[in-house]
Amino acid sequence: MIRFVASPLLSSFNDTITHAFSTREGGINGSANADLCVGHNKADAATNDDANKQLLAQDLSLAEEQIFSVTQVHGNDILAIAAGDANTNDLAGGSYDGIITNRQKIAVCVKTADCVPILIFAPKQNVIGAIHAGWRSTALNIAGKAIDVAACQFGCNREEILVAIGPAIGACCYEVDDLVLEALAQGYKELSSGGEIEDYLQACFTPSPQIGRWFLDLKAANRWQLSRAGVLACNVDTIERCTSCEADSFFSHRRDREKGRMLNLIMLR
């Protein structure tokens, strides 16, 4: 049986949008780490990935061709697709880590297996977005940049934008080194006047027993960036489930070193 995770906040708008964070439960079992995988990089698993994508689309009452994805590169480039733009087939597969659109009937998505999936919805302007935020993209303020694109290119009111942060690796399991801490610190310094940096680091990093190691709360880091971009805290719904802890429910690159990934999508009906 295919299982999805939904945001209670976004579920209040089910008459306007379809959204889902997929799990590994259900789908085609073609390898030890397949299940509902939609993101293997191995050629022998590609057929199962395609079949899983079809199953996922059917379960959400979508046509498979409605699911729109890009090539994720751990950067901060956002693809903006306006309602009157060219056929989305000409845009698919480009190198981006986020998609913002006001076009109906395309399910914009990102694939994750520990990185933070972020879904965005502006109800008044009917604008949606899907963001892939690993630590590198987070250091580059991808969440804040996505809100800037929604506001500046689509006319969204920042204080009315709703955000759902999906399942991702938690601080309980995500141990990183000084390089990651320094990258996120530098990225945040470039956004702030400097006075907030200590609060930001304390909220996002907990010292590990090992010197030079830290436990990173990547969801918290993205919440800080969303707040700085003008999103109200009451409009951010965080699903506090750890992909590394819940082996039966989620793929995790940190845990398994495999290439299985989940699909996280949102669509204007």
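The values are calculated or read from the model by the stated rules, or taken from the named source; none is laboratory data. Note that the coordinates shown come from a computational prediction; the quantities given were computed from them, not determined experimentally. Neighbour counts run over all protein chains shown; Cβ positions are idealised from the backbone, glycine included.
Side notes on the structure shown:
- The lone exception for V236 - which of (1) assigned by TED's automatic domain parsing to the domain that holds L140; (2) more than 26 Å from F4 (Cβ to Cβ) it fails: (2)
- Failed condition for F215, given (1) farther than 30 Å from P123 by Cβ; (2) out of contact with any Phe, Trp or Tyr (no Cβ under 8 Å at 6 or more places or on another chain); (3) of a type in the set (A, V, I, L, M, F, W, C): (2)
- Pairs with Cβ under 7 Å, 6+ apart, first in the range 21-40 and within 12 Å of F251 (Cβ to Cβ) and at pLDDT 85 or above, second of a type in the set (D, E) and part of a loop (DSSP other than H, G, I, E, B): R24/D35; E25/D35; L36/E25
- Count of the range 55-92 residues which are among the small types (G, A, S) and within 17 Å of the chain's Cα centre (by Cα): 3
- Taken together, the residues in the range 204-257 that are of a type in the set (G, A, S) and within 17 Å of A168 (Cα to Cα) amount to 6.
- Taking the range 59-114 and the strands (runs of 3 or more DSSP E) fully enclosed by it, the elements with 1 or more residues that are under 21 Å from F4 (Cβ atoms) and in contact (Cβ under 8 Å) with a residue 12 or more places away in the chain are at 98-101, 107-112.
- Restricting the range 224-250 to residues that are buried (at least 20 other Cβ atoms within 10 Å of the Cβ) and out of contact with any helix residue (DSSP H, G or I) (no Cβ under 7 Å at 6 or more places or on another chain) leaves a set whose member that is modelled with the lowest pLDDT is F250.
- Hits in the range 135-190 (condition: of a type in the set (S, T, N, Q) and over 17 Å from V236 (Cα atoms)): S137, Q153, Q186
- Scope the range 166-221; condition under 30 Å from M262 (Cβ atoms) and small (G, A, S); matching residues: G166, A168, G170, A171, A183, A185, G187, A203, S208, A220, A221
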